[in-house]
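Structure first, commentary second.
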Amino acid sequence: MNRKYRKTIIAGNWKMNLLPSEVKGYGEKLKCLAPKVKWCEIVICPPSLMLQAALKTFSNARIHVGAQNICTEAKGAYTGEISAAQVKDLGAKYVIVGHSERRQYYGETDKQVNLKVNIAIENGLIPIICLGETLEQREMGITLDHIRLQLKIALSGVPADKIRKVVIAYEPVWAIGTGKTATSEEAGEVCKEIRAQLRSLYGARIARSISILYGGSMNGDNAAELLAQPDIDGGLIGGASLDPEKFYSIILAANQ
Ligand code: 13P
């Protein structure tokens with residue numbers, strides 16, 4: 001982390017877990033645990049149909065809310081989709097874009113990720129852009145090439161005056177939900193490379209201001225070591241975000 005230049009962010013991605021009726025209870029617990037956290041920005045990304053409940057629960061707290069996905073299109077006949085404008089209008093601040101589960105299970109392409117990044121920014125949402133290699137790609141030694149390509153396509157068309165409104169999340173696919181965490185060196189190396197590419201695309205001042213998160217089996221035990229890496233500015237947490245106490249142990253680990 002480097003608090004001098006950029007924000008530390010601890011974000012929970014609930015994925016398709018918890019029920020609408022559980023949002024309030026979760027929120028009350030988290031608010032009790034983390035009433036005055038100033039060292040990081042806390043973000044909760046519930047399923048879309050729980051966004052409103054989460055916004056209501058966290059309206060009196062320093063806890064922000066994000067969606068897990070948006071449509072590539074602005075509006076119109078796209079049954080089942082949710083637009084960036086709708087998410088923004090509800091009051092959410094962030095949106096996760098290009099999560100590997102969407103790429104893997106729903107065939108989301110780099111081009112679609114790029115459209116979503118741009119439409120999120122146009123509508124005043126901060127995209128949390130997910131990048132990550134598969135185990136096969138890591139074993140082939142093409143991790144950094146793959147990440148550079150994903151990043152370059154995701155940011156295509158994003159002008160320098162808007163790039164500060166972007167968060168990057170490095171989530172190695174093989175570490176998600178598997179209990180296998182990348183070592184802090186492995187994660188740190190990729191995040192360093194992401195920043196190097198941001199530098200070559202947008203210059204040093206902008207690159208050092210962008211928060212890069214790590215995601216993939218992060219928990220209260222491994223968070224401090226991962227967050228001690230200079231280019232890891234926070235976490236995107238799945239499983240461990242479902243329990244307010246476990247999530248809070250990661251928030252605490254960010255207070256270093
Ligand atoms: P886990 O923390 O469950 O591995 O999930 C990480 C993730 O995919 C967050 O977006």
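Below is a table of values for the structure above.
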{"read-out": "Kirkwood hydrodynamic radius of the stretch 33-97, from inverse mean 1/r over distinct Cα pairs, in Å", "value": "12.6"}
{"read-out": "For the chain: rounded, prolate or oblate by the Cα gyration tensor [a/c cutoff 1.5]", "value": "rounded"}
{"read-out": "Per-residue HN-Hα couplings for the stretch 202-214 [Karplus 6.51, -1.76, 1.60; θ = phi - 60°; Hz; x = Gly/Pro]", "value": "10, x, 5, 5, 5, 4, 6, 9, 8, 7, 10, 9, 10"}
{"read-out": "21 Å Cα-Cα threshold exceeded, pairs from 15/180; 7/180; 93/180; 165/246; 4/38", "value": "7/180; 93/180; 165/246"}
{"read-out": "Hits among aspartates and glutamates - C-alpha to C-alpha of residue 56 under 20 Å, sequence gap 8 or more where chains match", "value": "22, 28, 41, 89, 243"}
{"read-out": "Assigned charges on the beta-carbon of Lys, Arg, Asp, Glu; the stretch 145-256 dipole about Cα centre (debye)", "value": "640"}
{"read-out": "Extension gain (nm, one decimal) between residue 136 and residue 5, 0.36 nm per residue minus Cα-Cα", "value": "43.7 nm"}
{"read-out": "Percentage of interatomic Cα-Cα distances in the stretch 74-226 larger than 18 Å", "value": "58"}
{"read-out": "Student exercise, the stretch 34-95 dipole from Lys, Arg, Asp, Glu Cβ charges, in Debye to nearest 20", "value": "360"}
{"read-out": "Proximal charge balance of residue 175 [Cβ under 12 Å; K/R count +1, D/E count -1]", "value": "-1"}
{"read-out": "Whole-Hz ³J(HN,Hα) from phi, Karplus 6.51 cos²θ - 1.76 cosθ + 1.60, for the stretch 102-111, glycine and proline x", "value": "6, 5, 6, 8, 10, x, 5, 9, 4, 5"}
{"read-out": "Highest average packing first - 190-200, 41-51, 133-143, Cβ atoms within 10 Å", "value": "41-51, 190-200, 133-143"}
{"read-out": "Packing-based order for 65-72, 124-131, 78-85, using average beta carbon neighbours within 10 Å, highest first", "value": "124-131, 65-72, 78-85"}
{"read-out": "Approximate shape of the stretch 1-145 as ellipsoid semi-axes (Cα gyration tensor, √5λ), whole Å, largest first", "value": "26, 21, 15"}
{"read-out": "Interatomic Cα distance distribution for the stretch 109-158, bins of 10 angstrom, percent", "value": "27, 45, 22, 6"}
{"read-out": "Helix-only [θ]222 nm of the chain, DSSP H runs n ≥ 4, -39500 (n - 2.57) each, per residue, nearest 500", "value": "-11000 deg cm²/dmol"}
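Read the figures in this text as sums done on the coordinates, not as results from a lab. What you see is a predicted model, and the numbers here were worked out from it, not measured in a lab. Virtual Cβ from ideal backbone geometry, glycine too; neighbours counted across all protein chains shown.
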